[in-house]
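> Please find one structure pasted underneath; my questions will follow.
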Amino acid sequence: MPENAAWRVKNIHFVTLHVVGTNNGRHWVTGDPVEVAAREAQKRDAANIEWLTEQFMKARQQGADSLVIAMHADPTDVKVGRQGVPCTGVSTDAQLACDGFVEIRKTIQREAKQFKKPVLIIHGDTPPFTLDQSFAGDTAPNLWRLNAGGDVGSDDGVPFGLNDVTLVRIKPSASNPFEAEGLLTQKRPTAD
């Protein structure tokens, strides 16, 4: 995918993934031609998983101290489909009843566990501004999730991020390797 990129800064491997919101683009798979749109979503998912697997392998081979993944969608937010039910086929009903993020979540969790060093997934698409380890639990204890500022809504009714950006500090050898705050507001994320 042309949206997927990778680079390194100070032995930290950065990766972008083309993962979109609203059930990974499947909720809006309607109208003419439904089957073409569904096939495109399947191809995008396959390309993302291949890219991500390849990037984790490169990070391991090159001895990266940490890996950071950035994407648009919140892969933990399953409101449209049924959580844990993978998307297969091209039927509109099947696509709407599935969890469009299940395969990308499994890939991130598996690869983070194998990487054994700090991994941060950064996404937007949902409030609140959060930095925690709830994404994988005990499955990959080296995996953190940052729901970055800049999206609609917040706990106090003031949209964080509309006039701010999220500054991320990465210290791979620290017990808490990732910190985040609003660059202008100095607001810190909550921990779920």
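> Looking at this model, which pairs from K113/K171; K43/K113; K113/K187; K106/K171; K43/K171; K106/K187 are more than 28 angstrom apart at the alpha-carbon?
Working: K113/K171 19 Å; K43/K113 25 Å; K113/K187 30 Å; K106/K171 25 Å; K43/K171 35 Å; K106/K187 31 Å.
Violating the 28 Å limit, Cα to Cα: K113/K187; K43/K171; K106/K187.
> As a test of reading the structure, rank W7, W144, W51 by solvent-accessible area (1.4 Å probe, protein chains only), most first. Walk me through the numbers on the way to the answer.
Numbers: W7 115, W144 30, W51 60 Å².
Sorted by accessible area, descending: W7, W51, W144.
> Another question, if that's okay. Enumerate the amide H contacts of S66 below 5 Å, restricted to partners 5 or more residues apart or on another chain; note that Pro and chain-start residues carry no placed amide H.
So S66 has HN proximity to H13.
> Moving on to the next point. What ranking, highest mean first, results for peptides 182-189, 168-175 when packing means the other Cβ atoms within 10 Å averaged over each residue?
Ranking the peptides 182-189, 168-175 by packing returns 182-189, 168-175.
> Shifting gears a bit: With all protein chains present, calculate the accessible area of R8 using a 1.4 Å probe and round the result to the nearest 10 Å².
Roughly 80 Å² of R8 is accessible to a 1.4 Å probe.
The values are calculated or read from the model by the stated rules, or taken from the named source; none is laboratory data. What you are looking at is a predicted structure, and each value in this text was computed from that prediction instead of being measured. Positions of Cβ are generated from backbone atoms using ideal geometry, with glycine treated the same way; all protein chains shown enter the neighbour counts. Accessible surface areas use protein heavy atoms only, side chains included; no ligands, DNA or RNA. Shrake-Rupley method; radii C 1.70, N 1.55, O 1.52, S 1.80 Å.
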